[in-house]
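For reference, the structure discussed in these notes is given below.
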Amino acid sequence: MNTEHVNEEALQAYAMDRRSCDAVVADHIEHCPACKTAADNYRLLFSLTADLPDAAPEFDTVQLVMPKLKERKWFDWLLAAIVAVTVAATFFLFGAYGKYLLGNVSGLPLYLALAVTAVVILLQVIKMMKNFRRSCNLITGGLSA
């Protein structure tokens, strides 16, 4: 017999359906007074809560949440502006050090690489926002903008 007590998840699984448990776990619960009491308590709890009606709020959560999400559209643009200003300030303040670190790289390839990187990041952000809005529409049943 196993002398280590069974974890809560195994106790709950045993209380719900003892046939679905591992034989070693079931044997331990049947012979350990503490684990048997805990399993019996879970079984009683499950039987008492099975008769309760499903909890449903008396208000429409979608109607409460969606207006607040719509009010925050300006936040997307504010965040994008803050990021753009931060990146521009970084290049302005530390641009000389960047040229020092990159050594003999001429300006055109460097700026071309930066432009391509910025476009890729912008496209990824747009894709991410579209996916987020699509997810909101799926969750709310099309009530979001």
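The values are calculated or read from the model by the stated rules, or taken from the named source; none is laboratory data. Predicted model, so just to flag it, every value in this text is computed and none were measured. Cβ sites come from the backbone with ideal geometry, for glycine too, and all protein chains shown count toward neighbours. The area values use the complete protein model at the heavy-atom level, side chains included, leaving out ligands, DNA and RNA. Shrake-Rupley method; radii C 1.70, N 1.55, O 1.52, S 1.80 Å.
Looking across M16, M1, M66, one residue alone is out of contact with any Ser or Thr (no Cβ under 6 Å at 6 or more places or on another chain) and at pLDDT below 75. It is M1. When the stretch 4-33 is filtered for residues that are hydrophobic (A, V, I, L, M, F, W, C), open to solvent by less than 60 Å² (accessible area, probe 1.4 Å) and either part of a helix (DSSP H, G or I) or over 20 Å from A50 (Cβ atoms) (or both), the ones remaining, listed by number, are V6, A10, L11, A13, A15, V25, A26, I29, C32. Candidates D40, D76: the one that is modelled with pLDDT of 70 or more, part of a helix (DSSP H, G or I) and either in contact with a Gly (Cβ under 9 Å, 6 or more places away or on another chain) or open to solvent by less than 60 Å² (accessible area, probe 1.4 Å) (or both) is D76.
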